[in-house]
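Values quoted throughout were computed directly from the atomic coordinates according to the rules given, and no laboratory measurement underlies them. Quantities reported herein were computed from a predicted structural model and do not represent experimental measurements. Quick reminder, even Gly has a Cβ in these numbers, built from the backbone with ideal geometry, and neighbours come from all protein chains shown.
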Amino acid sequence: MIIVMNKEVTEEQIGNVIKKIQDLGHEVNISRGTKRIVIGAIGDETKLDPEIFDPMPGVEYSMHIVKQYKIVSRESHQQDSVIDVRGIPVGGNQIQVIGGPCSVETQTQMDLAAKQVSSAGCRLMRGGAFKPRTSPYTFQGKGRDGLGIFRAAADKYNLPIVTELMDVRMLDTFLEHDVDVIQIGTRNMQNFDLLKEVGRIQKPVILKRGLSATVTEWLMAAEYIAAGGNHNIIFCERGIRTFETAYRNVLDVTCVPMLKRETHLPVIIDPSHAGGKAWMVPSLARAAIAAGADGLLVEMHPNPCEAWCDADQALNPQEFTDLMSSLRGIAQVIGRTF
Ligand code: PEP
Ligand code: MN
């Protein structure tokens, strides 16, 4: 069962709840988020009851959660969670489009891309400095230097940056560069040590869905992050692997309403890695927003033909701007701000 404590709780009140759980023979997991503290009592649930905890000082509410995922479940928190990225809300009524190239290449490329995504109306920018490539012989990303290039370009347009963390040993470097949103890529969705580490900090995390992960596995991966105390998680569907070979991956739009029901956390869609072709991106992006996604992660390159990575799926600046306009129309129809 979970015991949710309010923000103003004292250490003594937390200690009392922990002691009560232990006295009843249960293990304790304490997850200190920025908005709420969730204490999990692990063990035989039949021996616990909200009546034991609800009257205790500092306790907001307590409940049995049937699902395996607790903190991220809608059951544990009815309202939609809005993740604050340097003052920009992800989740809630406003749709956010995170645009930018697949990878950081040069300062000129990133400066231009930042200018273009900003003028198209994006409030956040993407770009990979560490790239998970299928082949060890292809461009692996600019690494540490790439973070500096990205930071410098995005700062000129006041854009928070989203970039992938592949290796736990780079976490301090990410924090030094004040990366605003840490992306956990598809291939690392079940890298539990990595998930635990990003769970220890409060930076927002975009958790991409594993190539062949079920929705439950994905929710459980998010629970790893939340259990450590980081509740700032954004789910990102980017296409899954099926028997179909006509396109890179199959965009699972079905997961949007499903996740919206199962979790209070925001859900965004990456139409670029789903379709794998630039001409498919607008359709998939529009379908995602119409289905209720809270935003998009879209690859845009100043000159796609010259992109060092994922050239086929990058929109050019004009295509990106046109997409933004058509999304504005959809947002209006479904009563969301853009
Ligand atoms: C990316 O967004 O750059 C990326 C590598 O995505 P994925 O992990 O979805 O393949
Ligand atoms: Mn890419």
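Numbers at a glance
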| item | result |
| --- | --- |
| Length-normalised contact order for the chain - Cα pairs under 8 Å, 6+ apart - percent | 17 percent |
| Relative intensity, log₁₀ I(q)/I(0), of region 290-338 from a Debye sum that treats every alpha carbon as a point, q = 0.28 Å⁻¹ | -1.00 |
| Helix-only mean residue ellipticity at 222 nm for the chain, each DSSP H run of n ≥ 4 adding -39500 (n - 2.57), per residue, nearest 500 | -9500 deg cm²/dmol |
| More than 18 Å apart - percent of Cα-Cα pairs taken over region 148-210 | 31 percent |
| Sequence of Thr263, Thr173, Thr214 once ranked by neighbouring C-beta atoms within 10 Å, starting from the fewest | Thr214, Thr173, Thr263 |
| Most positive-pole-ward Cα, Thr34, Gly15, Met1, against dipole of region 1-55 from beta carbon charges | Thr34 |
| Test item: Cα-centred dipole of the chain, Lys/Arg +1 and Asp/Glu -1 on Cβ, debye | 560 debye |
| Stokes-Einstein D (µm²/s) once Rh is taken as the Kirkwood radius of the chain over alpha-carbon pairs, at 10 °C in 1.306 mPa s | 77 µm²/s |
| Volume in Å³ per residue [convex hull over Cα atoms, computed for region 181-317] | 109 Å³ |
| Tail weight of P(r) past 22 Å, computed on alpha-carbon pairs of region 107-201, percent | 30 percent |
| Distance between region 284-338 and region 29-82 - C-alpha centres, whole angstrom | 37 Å |
